[in-house]
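Encoded as structure tokens, the structure appears first; notes follow it.
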Amino acid sequence: MSNPARPAAGAPLTPAIRVPDGGAIPLHFRADGRFFSMIVTRRGADLFAFENACPHAGNRFDEMYGSVIVEKKSYVLCPHHGASFDLASGACLGGPSEGGLTPIAIVVEDGVVKMA
């Protein structure tokens with residue numbers, strides 16, 4: 001069953017300028033009583049998106065502090081159990097998780113990040 005809160009293809013998500021180089025921002029969406037959350041990360045000119053859920057326990061990366069923790073401008077850190085994930089690929093770099101982050105296809109058009 002699909003989540004009606006997940007933005008549809010072509011939906012604008014955020015201005016690309018909001019995502020700092022070597023950083024990540026969370027985005028949250030609600031529709032029909034459902035919730036969907038994702039993170040958008042940046043490495044140089046390239047932007048990436050992933051579901052906002054650590055594969056280890058399903059916790060959101062921003063739920064403890066309200067923002068996504070990025071260490072050394074290289075990896076996203078789960079504040080719950082310390083798992084770390086590559087900013088660009090979402091691959092697990094360490095910690096208790098056995099899998100990487102779930103990628104979400106995005107595009108940048110006219111300075112706006114959109115669902116692909």
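Read-outs: derived from the displayed coordinates by stated rules, not from any lab. All figures in this text were calculated on a predicted structure; none of them were measured in a lab. Glycine gets a Cβ as well: all are built from the backbone with ideal geometry, and neighbour counts include every protein chain shown.
Quick check: anything in region 50-73 out of contact with any strand residue (DSSP E or B) (no Cβ under 8 Å at 6 or more places or on another chain), of a type in the set (Phe, Trp, Tyr) and farther than 18 Å from Asn3 by Cα?
Yes, region 50-73 contains a residue that is out of contact with any strand residue (DSSP E or B) (no Cβ under 8 Å at 6 or more places or on another chain), of a type in the set (Phe, Trp, Tyr) and farther than 18 Å from Asn3 by Cα.
Quickly run through region 58-81 and pick out the residues that are of a type in the set (Gly, Ala, Ser) and either within 12 Å of the chain's Cα centre (by Cα) or surrounded by 13 or more Cβ atoms within 10 Å (Cβ to Cβ) (or both).
Ser67, Ser74 - these are the residues of region 58-81 that are of a type in the set (Gly, Ala, Ser) and either within 12 Å of the chain's Cα centre (by Cα) or surrounded by 13 or more Cβ atoms within 10 Å (Cβ to Cβ) (or both).
Is it the case, given these coordinates, that Arg30 is among the basic types (Lys, Arg), out of contact with any Lys or Arg (no Cβ under 6 Å at 6 or more places or on another chain), buried (at least 16 other Cβ atoms within 10 Å of the Cβ) and within 20 Å of Ile106 (Cα to Cα)?
For Arg30, the condition - among the basic types (Lys, Arg), out of contact with any Lys or Arg (no Cβ under 6 Å at 6 or more places or on another chain), buried (at least 16 other Cβ atoms within 10 Å of the Cβ) and within 20 Å of Ile106 (Cα to Cα) - is not met.
Are any residues in region 82-99 crowded, with 17+ Cβ neighbours inside 10 Å, at negative phi, of a type in the set (Gly, Ala, Ser) and in contact (Cβ under 8 Å) with a residue 24 or more places away in the chain, and if so, which ones?
Passing the criteria: Ala83, Ser97.
Do you know which residues across region 57-116 are closer than 17 Å to Ala45 by Cα, in a loop (DSSP other than H, G, I, E, B) and hydroxyl-bearing (Ser, Thr, Tyr)?
Result: Ser74, Ser89.
If Phe50 meets every condition in (1) assigned to a loop (DSSP other than H, G, I, E, B); (2) surrounded by 16 or more Cβ atoms within 10 Å (Cβ to Cβ) apart from one, which number is that one?
All conditions are met except number (1).
Tell me, which strands (runs of 3 or more DSSP E) lie completely within region 1-44 with 2 or more residues that are closer than 17 Å to Leu101 by Cα?
Per the criteria, 24-31, 34-43.
Of all the residues that make up region 18-57, how many are under 12 Å from the mean Cα position of the chain (by Cα), of a type outside the set (A, V, I, L, M) and closer than 21 Å to Gly82 by Cβ?
Residues that pass the stated criteria total 8.
Could you please tell me which pairs satisfy a Cβ distance under 8 Å, a separation of 6+ or placement on different chains, a first residue in region 1-17 that is in contact (Cβ under 8 Å) with a residue 60 or more places away in the chain, and a second residue that is exposed (fewer than 11 other Cβ atoms within 10 Å of the Cβ) and charged (D, E, K, R)?
none
Given the criterion surrounded by fewer than 16 Cβ atoms within 10 Å (Cβ to Cβ), more than 20 Å from Ala88 (Cα to Cα) and not small (Gly, Ala, Ser), identify the matching residue among Pro4, Pro15.
Just a single option satisfies the conditions, and that option is Pro4.
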